[in-house]
Amino acid sequence: MKNVTEQLTAEHRNILRVIDEVLEECQRLECGGILNPKFIEQTIDFIRNYADKYHHAKEEKILFEAMLENQDCLHCNPIPVMLYEHEESRGFVRNMEKALDEKDVPAVIANAHNYCRLLQGHIYKEDHILYPMAEEALDELRKETVLQRYREADSVTLTAETVKRYETLFAD
């Protein structure tokens with residue numbers, strides 16, 4: 001049996017690792033630390049390119065579409081909530097960038113916190129509800145199609161070197 005969510009779950013681990021670093025940075029700032037624009041810029045770059053363009057795009061354009069094509073096998077449809085949360089996260093990132101440009105540290109912290117809290121809950125729902133539902137609902141042929149589309153998306157979205165750089169961002 002093919003596993004169409006294993007790769008996405010691995011990507012979640014990378015996203016959660018960066019979220020942990022962002023939360024540590026927020027705590028440092030809340031304790032009077034000086035804003036590190038480079039850290040925030042790298043975070044925004046990671047979120048936009050790895051979390052959103054690379055990861056969320058595979059969910060939205062491949063997995064969710066495959067699940068919706070087979071909606072009769074879903075006992076409920078959580079996809080609209082997942083899409084809404086993706087959009088909400090993009091808003092927090094835009095606000096974080098605006099706050100950084102304006103050197104508004106409290107707004108950087110607030111939007112970073114909001115993004116992190118949202119994504120932590122979002123990833124939990126995907127890993128524990130949506131992904132098991134996908135594994136159950138999709139037949140082998142659809143799973144093979146989804147995996148092939150992931151490979152195609154990966155080959156045009158980011159280079160292997162760029163993915164590796166994002167996977168080790170902020171790693172000690």
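The values are calculated or read from the model by the stated rules, or taken from the named source; none is laboratory data. All values derive from a computational prediction rather than experimental measurement. Neighbour counts run over all protein chains shown; Cβ positions are idealised from the backbone, glycine included. With ligands, DNA and RNA removed, areas are computed over all heavy atoms of the protein, side chains included. Shrake-Rupley method; radii C 1.70, N 1.55, O 1.52, S 1.80 Å.
If you plug the beta carbon distance of R151 and D104 into 1/(1 + (r/R0)^6) with R0 = 45 Å, you get a FRET efficiency near 0.60. Counting only alpha carbon atoms, the long axis of helix 105-125 and the longest principal axis of the chain meet at about 20°.
Estimated purely from DSSP H runs of n ≥ 4, each contributing -39500 (n - 2.57), the mean residue ellipticity at 222 nm for the chain is -22500 deg cm²/dmol once divided by its residues.
Does anyone have the angle between helix 140-157 and the longest principal axis of the chain? Alpha-carbon axes, 0 to 90°, nearest 10? Helix 140-157 and the main axis of the chain meet at about 40 degrees. Remark: accessible surface ordering of H113, H86, H128, H75 (largest first) is H75, H128, H113, H86, probe radius 1.4 Å. By how many degrees, 0 to 90 and rounded to 10, does the Cα axis of helix 37-46 deviate from the longest principal axis of the chain? Roughly 10 degrees, rounded to the nearest 10.
For the range 45-123, the set of trypsin sites (Lys or Arg not before Pro) satisfying both a DSSP loop assignment and a count of at most 13 other C-beta atoms within 10 Å is given as K103. The GluC sites (Glu not before Pro) of the range 16-114 meeting both criteria, a DSSP state outside H, G, I, E and B (loop) and at most 16 other C-beta atoms within 10 angstrom of the site's C-beta, are E102. Set the Förster distance to 25 Å, then compute FRET efficiency between Q7 and N70 from the Cβ-Cβ distance, nearest 0.05. E between Q7 and N70, to the nearest 0.05, is 0.80.
For the pairs K2/K61; K58/K103; K61/K103; K2/K58; K38/K61, flag any whose C-alpha to C-alpha distance is greater than 27 Å. The pairs that break the limit, which is 27 Å between Cα atoms, are K58/K103; K61/K103; K38/K61.
If the segment from Q42 to F170 were pulled out straight at 0.36 nm per residue, it would be longer than the present Cα-Cα gap by 45.2 nm.
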